[in-house]
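Here is the structure we will look at.
The values are calculated or read from the model by the stated rules, or taken from the named source; none is laboratory data. Keep in mind that what you see is a predicted model, and the values were worked out from it rather than measured. Cβ placement follows ideal geometry from the backbone for every residue including glycine, while neighbour counts extend to all protein chains displayed. Just so you know, the surface numbers come from the protein's heavy atoms only, side chains and all, with ligands and any DNA or RNA stripped out. Shrake-Rupley method; radii C 1.70, N 1.55, O 1.52, S 1.80 Å.
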Amino acid sequence: MIQRIQTVYMLIADLLIGLLFFVPFGKIAAKAGGIYRVDLKGIYVEGIPKPEMVSSNMLVMIVWILSLLLIFAAIFMYNNRKRQMGLSMINIFIVLILGALIYYDVWSGAKLVSGQSSLTIYFTFPEIAAILIYMAYRSIGKDELLVRSIDRIR
């Protein structure tokens, strides 16, 4: 059933991961005086009318798309709870890898432009999504135990 609590957890996690497309998750203050924005698409120079890209984040974008699709797919696997639990565990690892790639991207971007990096609050979205997916995993497990106990009564 789609109205279970784990669906809500996964939808919120999917929303948090999806929001990363629209917000910057880091800033870099270069020693030369420029400020750079780090987002899902790449590293951009800020403060000019048409921002130019300094570096591309293709690997981060691929992992982001993969995590969005897998979380969304896990939502609709409610008929097969064991497969849904397995996919949820894979999602947790992929989302944590996404968070690590975002951190590495901001850190390597600071090295690239010889600057000081700072992370925004949006950097925590993958970690929060991983916690929500784990909560969904536990709820799926509780549903599975409930179904097994009802089958034993019959």
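Residues of the chain: accessible area per residue at 1.4 Å, in Å²?
Solvent-accessible surface per residue comes out at 58 Å².
Which order do ILE65, ILE92 take by accessible area at a 1.4 Å probe, largest first?
ILE65, ILE92
How many lysine pairs does the chain hold where the Cα atoms are under 26 Å apart and the two sit 8 or more places apart or on different chains?
Here the count comes out as 10.
Which distance in Å, rounded to a whole number, links the C-alpha centroids of the stretch 1-60 and the stretch 116-136?
One Cα centre to the other: 12 Å.
Only helices at least 27 Å long along their own axis, judged from Cα atoms, and with Kyte-Doolittle mean hydropathy of -0.5 or greater: name those in the chain from DSSP H.
Counting only whole DSSP H runs, the qualifying helices are 81-112, 125-153.
Defining a contact as two alpha carbons under 8 Å apart and six or more residues distant in sequence, what relative contact order in percent does the stretch 23-114 show?
Answer for the stretch 23-114 is 26 percent.
Keeping all protein chains in the complex and leaving out DNA, RNA and ligands, what accessible area do you get for VAL8 with a 1.4 Å probe, in Å² to the nearest 10?
70
Of the chymotrypsin sites (Phe, Trp or Tyr not before Pro) in the stretch 1-102, which ones lie in a loop per DSSP and count no more than 14 other C-beta atoms within 10 Å?
PHE21, PHE22, PHE76
Between PHE72 and ALA30, how high is the FRET efficiency from 1/(1 + (r/R0)^6) when r is the Cβ-Cβ distance and R₀ = 35 Å? Nearest 0.05.
0.40
Could you size up the charge dipole of the chain around its Cα centre, putting +1 on the beta carbon of Lys and Arg and -1 on that of Asp and Glu, and report it in debye to the nearest 20?
Dipole magnitude for the chain comes out near 460 debye.
How big is the charge dipole of the stretch 33-124 about its Cα centre, in debye rounded to the nearest 20, if each Lys and Arg gets +1 on its Cβ and each Asp and Glu gets -1 on its Cβ?
In debye, rounded to 20, the stretch 33-124 gives about 380.
Which percent of the accessible heavy-atom area of the stretch 18-154 goes to carbon and sulfur, probe 1.4 angstrom?
67
Report, in debye and to the nearest 20, how large the dipole of the stretch 1-71 comes out about its Cα centre when Lys and Arg carry +1 and Asp and Glu carry -1 on their Cβ.
Dipole about the Cα centre, nearest 20: 100 debye.
Of the listed values (1) 74, 23, 21; (2) 53, 45, 28; (3) 49, 27, 27, grab the one calculated as Cα extents along the principal axes in Å from the structure here.
(1)
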